[in-house]
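The values are calculated or read from the model by the stated rules, or taken from the named source; none is laboratory data. These figures come from a predicted structure and were not determined experimentally. Positions of Cβ are backbone-derived with ideal geometry, glycine not excepted, and every protein chain shown enters the neighbour counts.
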Amino acid sequence: MSTPKSAANSAQQAVTRAMFDEVMVPNYNPAKMIPVRGEGSRVWDQADTEYVDFAGGIAVNCLGHCHPAMVSALTEQGNKLWHLSNVFTNEPAIRLAKKLADATFADQVYFANSGAEANEAALKLARRWALDNHGEQKQQIIAFTKGFHGRTFFTVTVGGQPAYSEGFGPKPGAVEHVAYNDLEALEKLMSEKTCAVMMEPLQGEGGIISPDQEFVQGVRDLCDKHHALLIFDEVQTGFGRTGSLYAYQQLGVTPDILTSAKALGGGFPIGAMLTTATIASHLKPGTHGSTYGGNPLACAVAEAVFDVVNTDEVLSGVKQRESMFKKLLQDINDRHNVFKDIRGQGLLLGAELNDTWAGKARDFLNAGADEGVMVLIAGPNVVRFAPSLIIREQDIIEGLARFGRAVAKLAG
Ligand SMILES: Cc1ncc(COP(=O)(O)O)c(C=O)c1O
């Protein structure tokens, strides 16, 4: 029989960062401070120190913290109906699916709870579609090195960073990788055995890498030629992040399956897989599912986020903010010469460190936090910015002034 824990461990005890190391599985190593509240693009920690938030919960908080439209959708739904499971459907889920279908190439939507789950559904659907239409030999899934698609065993295997997928036993098979933007390599690998190609229309975690226009078109053409499905993982690029509802809408290439999460819920966990009715028909009742997928609270919040984000005002505002960010980052670089490239689209931006600072992106993140600004990294060489899509001009100016001071401290 286990011994009861002491009264000192009661819920009344002050919460400290040291307790994290004690009671949480050590797969994360969060910052030393604990944020306790947020408003717009500002966050306060336990000591009431204030931060400008350019991290946005890793490209999630597209309307900043506690946006009134989201708070009211959540409280309103919270007083009506929280959960049913998929034995029943619910109004928010149907309304959200209709809005997503009307705004994209897709006819039908499957709801999940995260990006990885949306991608897991996409990959399973592609395999089932290929089996039904072409037989057992059509299994190959091709993805790209440095790509990131989540942490379930299937999605992490399809992701192009072996360090994340190794050490867990036998991986799901028939998954292969080529370099992003290398159309020739893809062409060599593809055949009638290819079931699907999965890609991000701008690699996020891999270092903010945009695809060449000819590459994306070439991938689409190769998929058509070999009767393979093209899956766009828009978990990070989607929901306004690059200045259109989805990034594919600026690329002139339409995928067969698209996945969305992160900004879709603006901070409430939700994921979605969007596709055509013909492809969707292969996920017949019972083939796939989730207890929480399409939860009314999540869908009500996502609907509120959709109504704000999918407007000309917000989407064109993303482009204006992109220019401002890039200009101010360039000013910092003119003073301190630390970046060799400032890139990205919309408000998914990366500043790649030059050779003097190679491998030190985390030092910039830490120095930023010390000056009161939250930034992200994308690999060891890139400082990443994924703020709220409606961040105020004065928050961009103040946050980058703080980041500039952090860079000055590091670079002198
Ligand atoms: C492109 C992409 N796909 C999938 C995921 C996984 O999403 P989640 O962490 O919600 O499972 C991420 C997360 O960073 C991502 O950037």
Selection from region 182-234 of residues that are part of a loop (DSSP other than H, G, I, E, B) and β-branched (Val, Ile, Thr)
208
Filter region 42-85 down to the residues that are surrounded by fewer than 18 Cβ atoms within 10 Å (Cβ to Cβ) and of a type in the set (Gly, Ala, Ser) and list them by number.
47, 69, 72, 78, 85
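To keep it simple, each residue is scored yes or no on (1) within 11 Å of the ligand (Cβ to nearest atom); (2) within 20 Å of residue 260 (Cβ to Cβ).
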position	(1), (2)
124	no, yes
135	no, no
141	no, yes
156	yes, yes
170	no, no
Residues of region 193-244 being crowded, with 23+ Cβ neighbours inside 10 Å, more than 22 Å from residue 126 (Cβ to Cβ) and of a type in the set (A, V, I, L, M), in sequence order, are 208
Only one of 367, 406, 351, 411 is at pLDDT below 95 and in contact with a helix residue (DSSP H, G or I) (Cβ under 7 Å, 6 or more places away or on another chain); which?
411
Kindly indicate whether residue 164 is away from the ligand (no atom under 12 Å from the Cβ) and of a type in the set (Ser, Thr, Tyr).
no
Among (1) without any contact (Cβ under 8 Å) to a residue 60 or more places away in the chain; (2) aliphatic (A, V, I, L, M); (3) out of contact with any Asp or Glu (no Cβ under 9 Å at 6 or more places or on another chain), which single condition is residue 125 missing?
(1)
Looking only at region 325-368, how many residues end up being on the phi > 0 side of the Ramachandran plot and in contact (Cβ under 8 Å) with a residue 40 or more places away in the chain?
3
Checklist (1) over 30 Å from residue 82 (Cβ atoms); (2) in a loop (DSSP other than H, G, I, E, B); (3) more than 13 Å from the ligand (Cβ to nearest atom) applied to residue 242, failing item
(3)
Going through region 220-239 in order, the residues found to be within 16 Å of the ligand (Cβ to nearest atom) and either out of contact with any helix residue (DSSP H, G or I) (no Cβ under 9 Å at 6 or more places or on another chain) or β-branched (Val, Ile, Thr) (or both) are 231, 235, 237
Evaluate region 201-217: report whether one residue or more is closer than 14 Å to residue 256 by Cβ, within 12 Å of the ligand (Cβ to nearest atom) and under 23 Å from the mean Cα position of the chain (by Cα).
yes
Somewhere in region 106-116, is a residue part of a helix (DSSP H, G or I), within 16 Å of the ligand (Cβ to nearest atom) and closer than 20 Å to residue 59 by Cβ?
yes
Among (1) within 28 Å of residue 392 (Cα to Cα); (2) free of Cβ contacts under 8 Å to residues at least 40 places away in the same chain; (3) polar (S, T, N, Q), residue 72 falls short only on (2)
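Provide a single number: the residues in region 131-150 that are surrounded by 15 or more Cβ atoms within 10 Å (Cβ to Cβ) and part of a loop (DSSP other than H, G, I, E, B).
Step one: of region 131-150, the residues surrounded by 15 or more Cβ atoms within 10 Å (Cβ to Cβ) are 131, 134, 138-150.
Subset that is part of a loop (DSSP other than H, G, I, E, B): 138-139, 145-150.
Number satisfying all stated conditions: 8.
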For region 180-209, pairs from a residue that is under 23 Å from residue 382 (Cα atoms) to a residue that is more than 16 Å from the ligand (Cβ to nearest atom) and part of a strand (DSSP E or B), with Cβ under 6 Å and 6 or more apart or across chains, are 208/343
Let me spell it out: the conditions are (1) touching a residue at least 40 places away in the same chain (Cβ under 8 Å); (2) touching a helix residue (DSSP H, G or I) at 6+ places or on another chain (Cβ under 6 Å); (3) surrounded by fewer than 22 Cβ atoms within 10 Å (Cβ to Cβ), and residue 32 meets all of them except one. Which number is the exception?
(1)
